[in-house]
Amino acid sequence: MPARITSTPVTPATVSVYLAALAGEGKRPSTIARALVGIADEHRHRGCTWVRGPSVIGEVMRGIRRRHSTSPDHKAPLSDKDMGTPCA
């Protein structure tokens, strides 16, 4: 009979490698952060401990944000001419 593999608990090192792989695929830091929240939520849901605080996961996320973050795309404000006539 084959060994049973469980998905939780996952080690912080494994999560860090997964997050780095997402960054390598070109995912945005906000998408990667959502994936991390999903992993943490699944751990809590299954009753596994999920340690928050300084860890290798935090270091990886800081590096991802530093390397892959983009500044917001600022748009020019609308002028009165662009607004047209107001609706009644």
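Near LEU22: Cβ cut-off under 12 Å, other residues only, Lys/Arg at +1 and Asp/Glu at -1. The net charge is +2. How much length would be gained if the chain were fully extended between ALA20 and LEU78, taking 0.36 nm per residue of separation minus their Cα-Cα distance, in nm to one decimal? This chain segment gains 16.9 nm when fully extended.
Both radii come from the Cα set of the chain: Rg as radius of gyration, Rh as Kirkwood radius; their ratio Rg/Rh reads 1.28. Normalising the average separation of contacting C-alpha pairs (under 8 angstrom, six or more residues apart) by the number of residues puts the relative contact order of the chain at 37 percent.
Full extension of the chain segment joining SER71 with ALA40 gains 8.5 nm, where the gain is 0.36 nm per residue of separation less the Cα-Cα distance. Rounded, prolate or oblate: which one fits segment 36-82, using the alpha carbon gyration tensor with axes a ≥ b ≥ c (rounded when a/c is under 1.5, else prolate when a/b beats b/c, else oblate)? The shape class here is oblate.
No value in this document is a laboratory result; all are computed from the given coordinates. Since this is a predicted model, take the numbers as computed values, not measurements. So basically every Cβ, Gly included, is an ideal-geometry build from the backbone, and we count neighbours across all protein chains shown.
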